[in-house]
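Please treat every number below as a calculation from the coordinates, not as lab data. The model shown is predicted, which means the values in this text are computed figures rather than measured ones. All Cβ positions, glycine included, derive from the backbone under ideal geometry; neighbour counts span all protein chains shown.
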2 protein chains.
Amino acid sequence: MIPKSHPRYESLMKREKLVDALNRGILAKAGLIAHGRGETFDYLIGEKTTETALNAIKAAAALLVLAENPIISVNGNTVALAIDEIVELAKELNGKIEINLFYRTREREIAIKNEFYRKYKDDVESGKIKILGLNAKKQIPNLDSLRGKVSEDFYNADVVLVPLEDGDRTEALVKMGKKVIAIDLNPLSRTAKAATITIVDELTRCLPLLIKYVREYKKVNRDELRKIVENFDNKKNLKETLNYIIERLKNIEF
Amino acid sequence: MIPKSHPRYESLMKREKLVDALNRGILAKAGLIAHGRGETFDYLIGEKTTETALNAIKAAAALLVLAENPIISVNGNTVALAIDEIVELAKELNGKIEINLFYRTREREIAIKNEFYRKYKDDVESGKIKILGLNAKKQIPNLDSLRGKVSEDFYNADVVLVPLEDGDRTEALVKMGKKVIAIDLNPLSRTAKAATITIVDELTRCLPLLIKYVREYKKVNRDELRKIVENFDNKKNLKETLNYIIERLKNIEF
């Protein structure tokens with residue numbers, strides 16, 4: 001047991017969750033390496049939600065509320081770290097959650113589906129959330145078949161939230177004409193650059209804020225929400241994030 | 001199989017090696033996360049040996065050649081990625097290699113020892129290399145007992161090479177009066193800051209250079225080597241590495 005007083009408590013707890021998810025077949029081994037890459041970027045932004053991240057969260061919330069048919073895509077890392085927040089967000093929208101794995105195996109798809117059914121049985125049975133993607137038949141153009149297979153619902157979605165997504169897939173989704181909201185700690189990644197809105201923040205830190213603003217924006221008129229989306233400039237926001245990191249690095253004393 | 005032409009070939013091969021080492025009980029799961037953290041820093045320095053890293057490599061080579069009783073400390077990640085280079089370097093010195101694990105288990109110690117015995121049977125049997133640390137009885141002061149247990153040889157070493165070391169242990173070794181050479185991709189880590197000489201470079205990229213300079217410096221007189229060591233300023237070198245990263249980040253276009 002890690003004591004709550006430990007200065008790295010949050011970070012160590014996340015690692016424990018990931019190792020546990022690996023042991024239970026939810027996470028791929030490469031998912032641990034990817035998490036480590038994210039840890040470094042989180043360290044560089046100071047392990048807190050920056051002002052620029054908050055701007056992206058607000059624009060993303062507005063876009064999700066405006067969406068006619070949004071969907072949330074999840075992989076092993078997302079489920080390991082933030083299954084509760086994903087379900088909470090999905091219930092504020094249309095309940096659609098799609099399982100889409102980079103290292104796709106039937107076993108892992110089922111392990112992830114079972115995790116939702118185990119933790120959120122009532123919500124699944126009542127139809128408040130829908131777990132999609134397991135018998136995906138539609139194909140995203142310009143992407144190899146395994147990673148490109150999606151459900152009919154995903155194929156037809158206008159707005160997709162892709163936490164921890166890879167670059168190829170993000171680019172292919174944007175090419176399809178979808179509006180893509182990425183959550184990615186690396187402001188320099190192809191995903192970050194290709195997405196419509198990139199939230200450069202740690203998953204479990206930004207999702208509660210995203211949920212909060214989705215709830216708030218449901219009461220706001222659509223013209224105002226459109227303005228929030230239109231006024232958001234992803235490239236400018238990424239550049240500001242990078243400048244924030246540079247300023248932090250400049251002030252480090254040895 | 002990853003084709004050699006893949007733009008991320010080196011990086012993907014390293015991941016395969018690590019996953020393989022995990023499957024064979026050499027690597028701890030947390031070792032995969034640590035590798036990911038390193039990947040991000042490697043990306044920030046441009047995935048090549050910088051001028052400042054080369055300065056540190058030369059100073060480290062000089063210090064190793066001057067040492068009376070050097071020793072190389074290895075953990076799961078080091079063995080997974082660079083067992084061949086570690087053995088080659090050890091043979092240029094006194095052959096001493098100490099197994100010291102952060103997540104210490106008897107099984108993993110033995111798996112690592114067996115890896116050396118399997119791949120370098122002749123060198124172990126002839127005494128060209130010595131695999132130490134398995135029945136470690138000496139205790140490093142100011143460190144908890146598991147991570148602090150070292151062999152008599154390690155305890156008495158004047159210079160220790162610690163690739164991929166953690167901060168607590170590095171600080172404790174420096175406090176003991178040892179000269180510590182760290183290899184760490186994070187120029188901001190406690191290890192990087194505490195070590196006598198920090199090589200901010202990827203392990204398999206810097207070890208061949210370190211071996212090359214050790215060979216070369218064996219032919220150089222000791223006064224000249226002492227000058228190389230004395231002229232090296234670790235804090236200044238780390239600051240230069242950081243400035244290099246800042247300049248690279250400044251020049252990124254979105």
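So the values come out like this:
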read-out: Filtered residues of segment A:15-35 (kept if in a helix (DSSP H, G or I), of a type outside the set (Val, Ile, Thr) and surrounded by fewer than 22 Cβ atoms within 10 Å (Cβ to Cβ)); value: A:Arg15, A:Glu16, A:Lys17, A:Asp20, A:Leu22, A:Asn23, A:Lys29, A:Ala30
read-out: Number of positions in segment A:1-51 that are among the aromatic types (Phe, Trp, Tyr), facing chain B (nearest Cβ under 10 Å) and free of Cβ contacts under 8 Å to residues at least 40 places away in the same chain; value: 1
read-out: Criterion: closer than 25 Å to A:Gly148 by Cα and aliphatic (A, V, I, L, M) - qualifying residue of A:Leu54, A:Leu12, A:Leu63; value: A:Leu63
read-out: Hits in segment A:230-240 - residues which are farther than 15 Å from A:Ala182 by Cβ and away from every other protein chain (no Cβ under 14 Å); value: A:Glu230, A:Asn231
read-out: Residue match in segment B:76-88 (condition: part of a helix (DSSP H, G or I), free of Cβ contacts under 8 Å to residues at least 60 places away in the same chain, of a type outside the set (Phe, Trp, Tyr) and within 14 Å of chain A (Cβ to nearest Cβ)); value: yes
read-out: Criterion violated by A:Asn114 - all others in (1) of a type outside the set (D, E, K, R); (2) in contact (Cβ under 8 Å) with a residue 12 or more places away in the chain; (3) surrounded by fewer than 19 Cβ atoms within 10 Å (Cβ to Cβ) satisfied; value: (2)
read-out: Selection count where residues are surrounded by fewer than 24 Cβ atoms within 10 Å (Cβ to Cβ) and of a type in the set (A, V, I, L, M, F, W, C), scope segment A:186-202; value: 2
read-out: Any chance B:Lys58 is buried (at least 16 other Cβ atoms within 10 Å of the Cβ) and touching a residue at least 24 places away in the same chain (Cβ under 8 Å); value: yes
read-out: Hits in segment B:36-55 - residues which are among the β-branched types (Val, Ile, Thr) and either crowded, with 23+ Cβ neighbours inside 10 Å or under 23 Å from B:Val229 (Cα atoms) (or both); value: B:Thr49, B:Thr50, B:Thr52
read-out: Which listed residue, of A:Lys149, A:Lys138, is farther than 20 Å from A:Ala192 by Cα and surrounded by 15 or more Cβ atoms within 10 Å (Cβ to Cβ); value: A:Lys149
read-out: Residue match in segment B:224-235 (condition: within 29 Å of B:Glu39 (Cβ to Cβ), surrounded by fewer than 18 Cβ atoms within 10 Å (Cβ to Cβ) and basic (Lys, Arg)); value: yes
read-out: In segment A:165-185, the residues that are surrounded by fewer than 19 Cβ atoms within 10 Å (Cβ to Cβ), within 14 Å of another protein chain (Cβ to nearest Cβ) and either of a type in the set (D, E, K, R) or touching a residue at least 40 places away in the same chain (Cβ under 8 Å) (or both); value: A:Asp166, A:Asp168
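Rundown of residues vs (1) over 27 Å from B:Leu12 (Cα atoms); (2) basic (Lys, Arg); (3) in contact with a helix residue (DSSP H, G or I) (Cβ under 8 Å, 6 or more places away or on another chain), yes/no style:
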position: A:Pro3; (1), (2), (3): yes, no, yes
position: A:Leu18; (1), (2), (3): no, no, yes
position: A:Asn23; (1), (2), (3): no, no, no
position: A:Lys29; (1), (2), (3): no, yes, yes
position: A:Ala34; (1), (2), (3): no, no, yes
position: A:Phe41; (1), (2), (3): no, no, yes
position: A:Thr50; (1), (2), (3): yes, no, yes
position: A:Val74; (1), (2), (3): no, no, yes
position: A:Leu101; (1), (2), (3): no, no, yes
